[in-house]
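Laboratory data are not the source of any read-out in this text; all were calculated from the coordinates shown. In this text, all values refer to a predicted model and were calculated from it rather than measured experimentally. Here the Cβ is made from the backbone with ideal geometry for all residues, glycine too, and neighbour counts use every protein chain on show.
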Amino acid sequence: MSEASARSSGRSRPKTALLLGLGLVVFVILLALGTWQLQRLHWKEGLLQTIDQRTHSPPRPLAEVESQFASSGDVDYTPVTVSGTFLHQGERHFYSTWDGAAGFDVITPLQLDDGRFVLINRGFIPYDLKDAAKRPQGQVTGKVTVTGLARNPLLVKPSMMLPDNDIQKNIFYWKDRDAMASSAGLPAAARLVPFFIDADKTPNPGGLPVGGVTIIDLPNSHLQYAFTWYGLAAALAGVLIFRLRRPAKAE
């Protein structure tokens, strides 16, 4: 090897070492991402199993579901039956889509026999029917019985990408239970059931709101994501091995 070639080889070694080091760091990150997706897969499969078990169980009295919430903090998708009187003047509007159309879920306070209130997601209405006066038949009066799925409350906004709730216009982009209750005109000392209830598909008079809008079929693509990350890691490993072997072949 000539003196010039030796100098060039000496200069290239630090660069090669740096590239290999960075490649190793990326390789470890890719492996970690793949492993994290497998962990998410295990979590999602458990969640889907729980949802399936709960949604196929018979409706339970409110007191039982409240007891479960008090002990575990989790009653999501638990069937429950409640009776009371709707306060339609306090309905809140949660921006949503249904069957490809934009509109709102109507969330209405239901006053129970013991004087407490629970927020009921009665279902979906099209965007141009936000004004309750345009759907008077659905504003049922008197005592009603609602069967549906209990839903855990959200403690914070689930994503910074969501807009802030516009309480003045009665448009909610995330289900802030306390803000909905406080803006619904309930008595100052009103006692509130600590979770929501999504009404089932039982038709409402006039056809609106459309009940049964709870999303149960949650996507589960974590295994595909894991294969993607592991595949990228394998490809990178091949490149690194090739790069390590190439100087030896050149000599």
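List of remarks:
- Within region 181-251, trypsin sites (Lys or Arg not before Pro) in DSSP loop having at most 15 other beta-carbon neighbours inside 10 Å: ARG191, LYS201
- Taking every C-alpha pair closer than 8 Å and separated by at least 6 residues, the mean separation divided by the residue count of the chain gives a relative contact order of 24 percent.
- Long-range HN-HN contacts of ASN204 with modeled amide H, under 5 Å: GLY211
- Rounded to 10°, Cα long-axis angle of helix 62-72 versus longest principal axis of the chain: 30
- Listed residues SER221, SER159, SER57, most fluctuating in the chain (Gaussian network, C-alpha, under 10 Å): SER159
- Averaging Cα coordinates gives a centre for region 189-250 and one for region 99-131; these two points are 27 Å apart.
- Remark: region 109-125, residue by residue, has Karplus-estimated 3J(HN,Hα) of x, 10, 8, 7, 4, 8, x, 7, 10, 9, 8, 10, 7, 6, x, 9, 10 Hz, where x stands for each Gly or Pro and the curve is 6.51 cos²θ - 1.76 cosθ + 1.60 at θ = phi - 60°.
- Here each label is just a point 7 Å from Cα along the line to Cβ, and for LYS169 and THR228 those points are 3.3 nm apart.
- Put simply, the amide H of PHE196, placed in the peptide plane, has neighbours under 5 Å in ARG151, leaving out anything fewer than 5 places away on its chain.
- The lysines within cross-link reach of LYS157, meaning a Cα-to-Cα straight distance under 25 Å and a gap of 8 or more places when in the same chain, are LYS44, LYS130, LYS169, LYS175.
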